[in-house]
Amino acid sequence: MPPLYLGLDVGTQGVKAVVYDSKLKTIVGRGAQPWGCLETNVPGRAEQNPKTWVEGTISAAKLALSEVDRSAVRGVAVSGQQHGMVALAADGSVLRPAKLWCDTESAPEAAELSQKLGYTVVPSFTSTKLLWLQRHEPDTWQQLACVLLPHDYMNFWLTGHKVTEAGDASGTGLLDVAQRCWDGRLAGMIGDKLLSCLPRIIGPDEVSWRLRGQPHLLRAFMNN
């Protein structure tokens, strides 16, 4: 059996899953699961529960894998929405609904940071959402141990490791792009502890980690 690879695109409106046959060089399985934002009357708010991503991803992946030999899958690649904010406690649990890239509640914080830095910082950037969190939900801020982007959270769910890639990190407003590392000065403008809450940055060609449940590669998707 030729090696198969599972691709997951965890987006704003849903997840798409494909299975790629490396020998035939074609897609041999597909699945999808839609979702929406949490209902709200708050202007500018756009949030989702990360649990929805996990449940939807399992459903889409099972559908994509339903007609192939799952034991032949040799890797999983995850892409997804950028800029959002998933706030985690020290035990890895989600502290609050994830703020999405299209959430503009942090527009005042974005304007403040833009003025201080001398260049435009848009509300989509994670840095503005973190400053909003510190000011509007101080109890949650105190519990914050790690912040991840939405698809980095999915990698964390799959592997148990908190990492991000420099291209995605550049959309947080916290990256030193030239050095490809977190900018301590920018993080310090949000809060003294923030730098310690940011995940390790890896290269685009690096493996995040092995899936949880090894040696069974797709443990999360195997139970029908």
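The values are calculated or read from the model by the stated rules, or taken from the named source; none is laboratory data. Just so you know, these numbers come straight off a predicted model, no measurement behind them. Counting neighbours? That spans all protein chains shown, and the Cβs are built from the backbone with ideal geometry, glycine included. Side chains included, ligands, DNA and RNA excluded: accessible areas come from the protein's heavy atoms. Shrake-Rupley method; radii C 1.70, N 1.55, O 1.52, S 1.80 Å.
Compute the accessible area per residue over the chain, keeping the other protein chains in place, probe 1.4 Å, unit Å².
Working: 11130 Å² over 224 residues.
Accessible surface, normalised per residue, equals 50 Å².
Find out how many positive minus negative residues lie around Gly203, taking Lys and Arg as positive, Asp and Glu as negative, among other residues whose Cβ is under 15 Å from that of Gly203. The partial results should precede the final answer.
On the way: positive: Arg180, Arg200; negative: Asp152, Glu165, Asp168, Asp205, Glu206.
Taking every other residue near Gly203 into account, the sum is -3.
Near Ala90, within a Cβ-to-Cβ distance under 13 Å, what is the net charge of the other residues, with Lys and Arg +1 and Asp and Glu -1?
Details: positive: Lys162, Lys193; negative: Asp91.
Residues close to Ala90 contribute a combined charge of +1.
For the chain, what is the calculated [θ] at 222 nm in deg cm²/dmol (nearest 500), taking -39500 (n - 2.57) for each run of four or more DSSP H residues and dividing by its residue count?
The helix-only estimate for the chain comes to -8500 deg cm²/dmol at 222 nm.
Have a look at Tyr119, Gln82, Thr140 and report the one farthest towards the positive end of the charge dipole of region 24-148, computed about the Cα centre with Cβ charges (Lys/Arg +1, Asp/Glu -1).
Gln82
How high is the relative contact order of the chain, in percent, counting Cα pairs under 8 Å that sit 6 or more residues apart?
Contact order relative to length: 18 percent.
All other residues with a Cβ under 13 Å from the Cβ of Val121 taken together, and with Lys, Arg as +1 and Asp, Glu as -1, what is their net charge?
Taking every other residue near Val121 into account, the sum is -1.
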